[in-house]
Structures are given as C-alpha cells and as structure tokens.
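Scroll down for the structure; my scribbles are underneath it.
The values are calculated or read from the model by the stated rules, or taken from the named source; none is laboratory data. Quick caveat: nothing in here was measured; it's all calculated off a predicted structure. Positions of Cβ are generated from backbone atoms using ideal geometry, with glycine treated the same way; all protein chains shown enter the neighbour counts. The accessibility values were calculated without ligands, DNA or RNA, using every heavy atom of the protein model including side chains. Shrake-Rupley method; radii C 1.70, N 1.55, O 1.52, S 1.80 Å.
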Amino acid sequence: SGVKSNLYFATIGWLLITKKICNKRDQLITRIFFLLRGILHFIRLIYKKDKEHHLGFLMGLKDYFLKY
C-alpha cells in the first residue's frame, strides 16, 4: 500500500540524511530517537488493527540497521 512504502522510504531517508550531514553525537541521538519510536510502533503493531503504518516504519528501521 502507499502508506507502508511511504513510511518505509521516509524512515530510511531520514536516517541516511542524518548519517550524511550530522556529527556523531547528532547521529546517535537520531538513532536512539528512531529506536524508541520503533518500540512504540512495535507495541502498536500488536494491538492495532491497521498494521500498514507500523509495518512500514519497522521495515525501514530493520533495513537501515542491517544494510547501512
């Protein structure tokens, strides 16, 4: 769906932008922020019926941390 792929690419995009233009401290803060958001999305994925939004974000996180 469009929501899932949009959030997937937005998540990877934001993390790649911070990796490219930010210093190490800001990169660490951004990664911690996205990991905390990932925990919230995972919890919501379990309890909510609309899963596309949360799946896109979590797949983007997974791919970023495993590939980049």
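Data overview
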item: Test for HIS41: is it modelled with pLDDT under 95 and assigned to a helix (DSSP H, G or I); result: no
item: Residue in segment 7-16 that is open to solvent by less than 40 Å² (accessible area, probe 1.4 Å), among the polar types (S, T, N, Q) and more than 13 Å from the chain's Cα centre (by Cα) present; result: no
item: Conditions (1) surrounded by 13 or more Cβ atoms within 10 Å (Cβ to Cβ); (2) acidic (Asp, Glu); (3) not in a helix (DSSP H, G or I): number failed by ASP50; result: (1)
item: Selection within segment 54-63 - more than 8 Å from the chain's Cα centre (by Cα) and either among the acidic types (Asp, Glu) or within 16 Å of ILE17 (Cα to Cα) (or both); result: ASP63
item: Inter-residue pairs, beta-carbon under 8 Å, first closer than 12 Å to LEU7 by Cβ and in segment 31-53, second loosely packed, with under 11 Cβ neighbours inside 10 Å, 6+ apart; result: GLU52/SER1
